[in-house]
1. Which residue is farthest from the chain's Cα centre (by Cα), if the candidates are limited to segment 75-87 and must be more than 17 Å from T64 (Cβ to Cβ) and part of a helix (DSSP H, G or I)?
2. Please state which one of K43, K60, K50 is farther than 15 Å from C14 by Cβ and open to solvent by 60 Å² or more (accessible area, probe 1.4 Å).
3. Looking at L51, is it farther than 21 Å from N18 by Cβ and either without any contact (Cβ under 8 Å) to a residue 24 or more places away in the chain or of a type outside the set (K, R) (or both)?
4. So S70 clears everything in (1) among the hydroxyl-bearing types (S, T, Y); (2) in a helix (DSSP H, G or I); (3) loosely packed, with under 14 Cβ neighbours inside 10 Å except one condition, right? Which one?
5. Could you please give the count of residues in segment 18-38 that are part of a loop (DSSP other than H, G, I, E, B) and open to solvent by 100 Å² or more (accessible area, probe 1.4 Å)?
6. State whether one or more residues within segment 88-95 are without any contact (Cβ under 8 Å) to a residue 24 or more places away in the chain, over 21 Å from K27 (Cα atoms) and not in a loop (DSSP other than H, G, I, E, B).
Amino acid sequence: MLVVKKINNNVVVCLDRNGAQLVAFGKGLGFPKVPYELTDMNKVSMTFYKLNYQYYQLLKEIPTEIFDVSAAITDKAQKLILRNLNPNMIFSLADHINFAITRLTKYQGMALPFFI
């Protein structure tokens with residue numbers, strides 16, 4: 001697999017053997033100078049094909065650790081629910097978790113009018 005673009009230290013854009021573009025997650029995938037050939041597929045923890053532009057933006061804004069937690073939650077849910085879940089759920093859940101953390105850390109004193 002050819003790594004063609006670094007998003008952050010743990011997320012990269014790649015081309016597979018057929019030339020299809022994908023996003024790969026894995027510790028340290030973004031450290032080597034791009035482009036480079038990724039030969040050890042054990043370093044890859046998740047891959048996503050055909051991502052929307054908005055998901056690329058989320059990858060730049062949200063820490064990788066939040067995506068890891070989101071993936072773990074989604075995996076657990078998939079085992080409990082006997083139906084296929086939307087693969088984009090990881091991105092939506094990561095966005096919600098990130099927003100909740102941001103709201104908690106930056107806007108603690110803000111009153112929410114719907115919950116008064």
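The values are calculated or read from the model by the stated rules, or taken from the named source; none is laboratory data. In this text the structure is predicted, and so the values were computed from the model without any measurement. Because the Cβ atoms are built from the backbone with ideal geometry, glycine has one as well, and the counts that use them run over all protein chains shown. Heads up: the accessible areas ignore ligands, DNA and RNA and are worked out on the full protein's heavy atoms, side chains in. Shrake-Rupley method; radii C 1.70, N 1.55, O 1.52, S 1.80 Å.
1. L80
2. K60
3. No.
4. All conditions are met except number (3).
5. Residues in segment 18-38 being part of a loop (DSSP other than H, G, I, E, B) and open to solvent by 100 Å² or more (accessible area, probe 1.4 Å): 4 in total.
6. yes
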